[in-house]
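Every number in this text was worked out from the coordinates using simple rules, so none of it is lab data. Nothing here was measured: the structure is a model prediction, and the numbers come from that model. Don't worry about glycine lacking a Cβ; one is built from the backbone with ideal geometry, like all the others, and counts go over all protein chains shown.
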Amino acid sequence: MSSIDKSAHILGKKWSIKIIEGMANGKFEGFNTFLRKEGLTAHILAGELKELEDEGLVEKRIEGGITEYILTKKGAELYNIVVELKKWNDKWNSKS
């Protein structure tokens, strides 16, 4: 799989962009809160977070028994690309 294919695979997954955006905007308030708010299963969210972590986009930190997920520098750069993709989509796919 080429690097662009790998990036497209990550961004094409149902929850990846939503997770990345949530972390970038301070709206990913933890695993359980995200589960309740979005209505997905723990298994799916754990898998998505693990994949993002394996790709170096998200870092998992455990302090005092509390698990926190944050974007890495690489993840933050990808978020900037997501923002640009949204702008492009709004420009070319608006319902005029």
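Report, by residue number, each residue of segment 57-73 that is in contact with a strand residue (DSSP E or B) (Cβ under 9 Å, 6 or more places away or on another chain), surrounded by fewer than 12 Cβ atoms within 10 Å (Cβ to Cβ) and basic (Lys, Arg). The one that is in contact with a strand residue (DSSP E or B) (Cβ under 9 Å, 6 or more places away or on another chain), surrounded by fewer than 12 Cβ atoms within 10 Å (Cβ to Cβ) and basic (Lys, Arg): ARG61. Taken over segment 32-63, the criterion of being over 21 Å from LYS74 (Cβ atoms) and among the hydrophobic types (A, V, I, L, M, F, W, C) is satisfied by LEU35, LEU40, ALA42, ILE44. Residue pairs whose Cβ atoms lie under 6 Å apart, separated by 6 or more positions or on different chains, with the first residue in segment 73-96 and of a type in the set (Ser, Thr, Tyr) and the second surrounded by 12 or more Cβ atoms within 10 Å (Cβ to Cβ), are TYR79/ILE20; TYR79/ALA24.
Applying a threshold of 9 Å to beta carbon distances and a minimum spacing of six or more residues, or different chains, the list of pairs starting in segment 10-27 at a residue that is surrounded by 15 or more Cβ atoms within 10 Å (Cβ to Cβ) and ending at one that is of a type in the set (S, T, N, Q) reads ILE10/SER16; ALA24/ASN80. The residue of segment 28-56 that is surrounded by the fewest Cβ atoms within 10 Å (Cβ to Cβ), among those that are in contact with a Phe, Trp or Tyr (Cβ under 9 Å, 6 or more places away or on another chain) and outside any helix (DSSP H, G or I), is GLY30.
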